[in-house]
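Trainee: I have a structure here, written as structure tokens, and I will follow up with some questions on it.
The values are calculated or read from the model by the stated rules, or taken from the named source; none is laboratory data. If you're wondering where the values come from, they're calculated on a predicted model, not measured in any experiment. Virtual Cβ from ideal backbone geometry, glycine too; neighbours counted across all protein chains shown. Surface areas here come from the heavy atoms of the whole protein model, side chains and all, with no ligands, DNA or RNA. Shrake-Rupley method; radii C 1.70, N 1.55, O 1.52, S 1.80 Å.
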Amino acid sequence: MLERVTKAGFFNNQFIEVHNTATTSSETATTRVFESIKKDSRLNGYDPDVPTTIRVPRFTFDIISCLPFAQQQSSSSSSLSPQSYGSGAFDLAQSLELLPSQEYGLLLPMVEVEVDKVGRYNDRYCGYLSRQGLVFLASRYARRVSMNTGPSGGIVIDTSLGRFKVFEHDHRTYVHFDSGMRTLTVPVSSPSDIGPDVQPDMEAIRKAADGRYFARDLYVEVQMIGFTTKEWKEPGPVPTIKTAILNVFQDLECSVFLPSGLAREWEMLAKFSSDILQSVSLIFLDIQEPKRLVQLRDIFFEGMRRKDQSFGGHATDDDRVEQSLVMWGYTVKVGSGSTEGFKVLADMKSDEMHKLILDAFGSLCKGHAKFRGATIDSERLIETSDKRFLSLFEAYRAQPSMDRLHGELRKLLHKSENICLVLWQAVLAMLTYRNACKVLRFGIESPDEWIQFILAQDSDILIG
């Protein structure tokens with residue numbers, strides 16, 4: 001412990017002892033750190049008779065990744081409060097049930113350090129936490145990642161375990177953990193199909209942070225969908241929207257992290273594509289040509305309203321093309337007609353969506369050829385439709401307006417036989433909307449500093 005410095009001397013023949021009551025800020029801080037160390041003596045092995053070394057937790061990635069999902073503690077829990085510990089390392093150990101008295105206490109490595117060399121910040125002393133171990137915990141429990149707007153700065157990770165604050169000090173990385181700041185509610189965007197026992201995939205987390213997407217190529221033979229390779233698509237100069245219309249995104253088995261700018265772009269794509277779907281639905285319900293298509297549309301929609309499933313009986317063999325277009329138009333109407341409809345699109349399984357999109361393209365190619373009365377070049381039709389979709393998005397991004405979008409789509413109907421070109425935009429919009437929802441469902445919007453943290457090589461950081 002620190003000792004007071006005294007001075008003594010004679011003044012007017014009297015012996016006077018002067019106590020230097022002023023202590024430096026570093027001495028005060030050291031004193032507070034010692035108090036924190038003594039608070040945890042039952043855990044860190046501090047012995048006042050031999051106060052030279054203590055033992056602190058070292059959370060390795062291997063230990064963290066083998067633990068089962070930690071359930072949220074209720075407010076009535078008998079566990080100690082964060083203030084009961086001198087180091088956030090033991091607070092985290094308690095949250096993960098790694099204290100000696102808890103179920104997995106034998107798993108936590110404790111390393112011996114000299115008291116005067118232990119990592120410290122303010123009045124806290126520190127243990128060690130694997131950088132990738134923290135990423136693993138964030139993927140499993142995080143609800144939000146943001147930057148601290150206060151003067152101290154740093155990354156704030158709000159989780160159901162508690163709050164992690166990551167910051168730099170004296171060229172070292174520190175983490176402060178506070179289990180008292182638990183986020184108890186799960187956001188709507190949390191992947192409902194990720195079970196608590198599913199282990200975060202560190203490779204997937206790093207690849208997603210690097211801007212890659214787990215997907216299948218869209219343009220394959222329908223019968224080969226299930227055999228087509230799922231792969232991580234490399235980031236490149238291709239615009240995000242083009243990635244969205246050329247691939248079918250696959251489900252992930254853990255939460256990943258998206259740079260804030262990219263997350264906002266996907267949000268814009270989701271809004272744009274939902275507006276496209278609603279506009280096309282309105283247009284399809286309003287058209288009066290081609291005559292036979294309109295007749296079958298009215299018969300089918302009335303039948304669905306009356307729950308009459310006999311639509312096929314009203315169509316001849318010559319009407320099969322129009323019939324398939326009507327059913328696709330109805331799919332667009334139902335999918336975009338309510339919150340529940342959009343949720344069905346967002347939740348559709350990858351293979352089901354893949355087949356739906358390819359089948360729709362086939363029907364639209366046949367329909368366009370029939371209405372135009374000529375053979376068409378399907379590859380050119382795909383290319384021009386993709387360009388039109390990208391052009392509509394660029395205009396929408398500059399000035400988001402459903403009315404303007406609706407007007408641009410209606411321009412295609414200067415010839416009524418172009419209805420398939422309008423419906424084609426709905427196909428691309430449906431794929432884009434579903435892909436955007438997958439990205440936003442599994443991805444947690446994150447500041448660039450956290451993305452850089454994820455991509456850095458693994459190392460021990462200080463947790464206190």
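Trainee: May I ask you to list pairs of residues, at least six apart or on different chains, whose Cβ atoms are under 6 Å apart, with the first in region 232-246 being more than 24 Å from residue 427 (Cβ to Cβ) and the second being assigned to a strand (DSSP E or B) and open to solvent by 50 Å² or more (accessible area, probe 1.4 Å)?
Mentor: So the pair list comes out as 232/214.
Trainee: Still on this structure, I have one more. Give the residue that is farthest from the chain's Cα centre (by Cα), with candidates limited to residues of region 43-60 that are open to solvent by 60 Å² or more (accessible area, probe 1.4 Å) and modelled with pLDDT of 95 or more.
Mentor: So, considering only residues that are open to solvent by 60 Å² or more (accessible area, probe 1.4 Å) and modelled with pLDDT of 95 or more, the one farthest from the chain's Cα centre (by Cα) is 55.
Trainee: OK, next. Can you pull out every residue in region 97-119 that is within 19 Å of residue 176 (Cα to Cα) and open to solvent by 70 Å² or more (accessible area, probe 1.4 Å)?
Mentor: Result: 117, single match.
Trainee: Let me ask you something else. Looking at residue 90, is it in contact with a helix residue (DSSP H, G or I) (Cβ under 8 Å, 6 or more places away or on another chain), over 29 Å from residue 260 (Cβ atoms), assigned to a helix (DSSP H, G or I) and hydrophobic (A, V, I, L, M, F, W, C)? Let's see the steps before the verdict.
Mentor: Working: in contact with a helix residue (DSSP H, G or I) (Cβ under 8 Å, 6 or more places away or on another chain): yes; over 29 Å from residue 260 (Cβ atoms): yes; assigned to a helix (DSSP H, G or I): yes; hydrophobic (A, V, I, L, M, F, W, C): yes.
For residue 90, the condition - in contact with a helix residue (DSSP H, G or I) (Cβ under 8 Å, 6 or more places away or on another chain), over 29 Å from residue 260 (Cβ atoms), assigned to a helix (DSSP H, G or I) and hydrophobic (A, V, I, L, M, F, W, C) - is met.
Trainee: Farther than 29 Å from residue 455 by Cβ, in contact (Cβ under 8 Å) with a residue 60 or more places away in the chain and open to solvent by less than 40 Å² (accessible area, probe 1.4 Å): does that describe residue 94? Show your work before the answer.
Mentor: Values: farther than 29 Å from residue 455 by Cβ: yes; in contact (Cβ under 8 Å) with a residue 60 or more places away in the chain: yes; open to solvent by less than 40 Å² (accessible area, probe 1.4 Å): yes.
For residue 94, the condition - farther than 29 Å from residue 455 by Cβ, in contact (Cβ under 8 Å) with a residue 60 or more places away in the chain and open to solvent by less than 40 Å² (accessible area, probe 1.4 Å) - is met.
Trainee: Look through 324, 391, 350, 281 and report the one residue that is touching a strand residue (DSSP E or B) at 6+ places or on another chain (Cβ under 7 Å) and either among the polar types (S, T, N, Q) or open to solvent by 10 Å² or more (accessible area, probe 1.4 Å) (or both). Before you say what the answer is, go through the steps one by one.
Mentor: Numbers: 324 fails: touching a strand residue (DSSP E or B) at 6+ places or on another chain (Cβ under 7 Å); 391 fails: touching a strand residue (DSSP E or B) at 6+ places or on another chain (Cβ under 7 Å); 281 fails: touching a strand residue (DSSP E or B) at 6+ places or on another chain (Cβ under 7 Å).
350 is the lone residue from the list that is touching a strand residue (DSSP E or B) at 6+ places or on another chain (Cβ under 7 Å) and either among the polar types (S, T, N, Q) or open to solvent by 10 Å² or more (accessible area, probe 1.4 Å) (or both).
Trainee: Oh, and also: What residue, among those in region 144-187 that are basic (Lys, Arg) and under 20 Å from residue 129 (Cα atoms), is surrounded by the fewest Cβ atoms within 10 Å (Cβ to Cβ)?
Mentor: Going residue by residue through region 144-187, those that are basic (Lys, Arg) are 144, 163, 165, 172, 182.
Okay, now just the ones that are also under 20 Å from residue 129 (Cα atoms), so 163, 165, 172, 182.
Details: 163: 18, 165: 20, 172: 12, 182: 19.
That would be 172.
Trainee: Could you tell me whether region 251-266 includes any residue that is closer than 18 Å to residue 349 by Cα and surrounded by fewer than 17 Cβ atoms within 10 Å (Cβ to Cβ)?
Mentor: yes
Trainee: Residue check: is residue 270 open to solvent by less than 30 Å² (accessible area, probe 1.4 Å), within 19 Å of the chain's Cα centre (by Cα) and under 13 Å from residue 432 (Cβ atoms)? Before you say what the answer is, go through the steps one by one.
Mentor: Working: open to solvent by less than 30 Å² (accessible area, probe 1.4 Å): yes; within 19 Å of the chain's Cα centre (by Cα): yes; under 13 Å from residue 432 (Cβ atoms): yes.
Considered against the rule, which asks whether it is open to solvent by less than 30 Å² (accessible area, probe 1.4 Å), within 19 Å of the chain's Cα centre (by Cα) and under 13 Å from residue 432 (Cβ atoms), residue 270 comes out as yes.
Trainee: Let me ask another. Does residue 444 satisfy the condition of being open to solvent by less than 30 Å² (accessible area, probe 1.4 Å) and out of contact with any Ser or Thr (no Cβ under 9 Å at 6 or more places or on another chain)? Before the answer, list the steps.
Mentor: Numbers: open to solvent by less than 30 Å² (accessible area, probe 1.4 Å): yes; out of contact with any Ser or Thr (no Cβ under 9 Å at 6 or more places or on another chain): no.
For residue 444, the condition - open to solvent by less than 30 Å² (accessible area, probe 1.4 Å) and out of contact with any Ser or Thr (no Cβ under 9 Å at 6 or more places or on another chain) - is not met.
Trainee: Out of all the residues in region 225-250, which are surrounded by fewer than 17 Cβ atoms within 10 Å (Cβ to Cβ), aromatic (Phe, Trp, Tyr) and in contact with a strand residue (DSSP E or B) (Cβ under 9 Å, 6 or more places away or on another chain)?
Mentor: Within region 225-250, just 232 meets the criteria.
Residues checked against (1) under 19 Å from the mean Cα position of the chain (by Cα); (2) on the phi < 0 side of the Ramachandran plot; (3) part of a helix (DSSP H, G or I):
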position	(1), (2), (3)
420	no, yes, yes
425	no, yes, yes
428	no, yes, yes
437	yes, yes, yes
440	yes, yes, yes
453	yes, yes, yes
458	no, yes, no
462	no, yes, no
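Trainee: Another question, then. Looking at 411, 370, 333 in this structure, which one is among the basic types (Lys, Arg) and within 31 Å of the chain's Cα centre (by Cα)? Steps first, please.
Mentor: Working: 411 fails: within 31 Å of the chain's Cα centre (by Cα); 370 fails: within 31 Å of the chain's Cα centre (by Cα).
Going through 411, 370, 333 in turn, the sole match is 333.
Trainee: Quick check on my filter: what residues within region 97-132 are touching a residue at least 24 places away in the same chain (Cβ under 8 Å), of a type outside the set (Lys, Arg) and touching an Asp or Glu at 6+ places or on another chain (Cβ under 8 Å)?
Mentor: Those that are touching a residue at least 24 places away in the same chain (Cβ under 8 Å), of a type outside the set (Lys, Arg) and touching an Asp or Glu at 6+ places or on another chain (Cβ under 8 Å): 97, 104, 123, 128, 129, 130, 132.
Trainee: Sticking with this one: Does region 68-88 include one or more residues that are open to solvent by 10 Å² or more (accessible area, probe 1.4 Å) and modelled with pLDDT of 90 or more?
Mentor: yes
Trainee: Quick check: is even one residue across region 360-368 open to solvent by 40 Å² or more (accessible area, probe 1.4 Å), assigned to a helix (DSSP H, G or I), more than 30 Å from residue 203 (Cβ to Cβ) and of a type outside the set (Lys, Arg)?
Mentor: Of the residues in region 360-368, the ones open to solvent by 40 Å² or more (accessible area, probe 1.4 Å) are 366.
Those still in the list that are assigned to a helix (DSSP H, G or I) too: 366.
Narrowing further to those that are more than 30 Å from residue 203 (Cβ to Cβ): 366.
If we keep only those that are of a type outside the set (Lys, Arg) too, we end up with none.
Within region 360-368, none of the residues are open to solvent by 40 Å² or more (accessible area, probe 1.4 Å), assigned to a helix (DSSP H, G or I), more than 30 Å from residue 203 (Cβ to Cβ) and of a type outside the set (Lys, Arg).
Trainee: Another question, then. Within region 120-143, take every residue that is hydroxyl-bearing (Ser, Thr, Tyr) and farther than 28 Å from residue 443 by Cα and give me the one that is most open to solvent (accessible area, probe 1.4 Å).
Mentor: The selected residue is 121.
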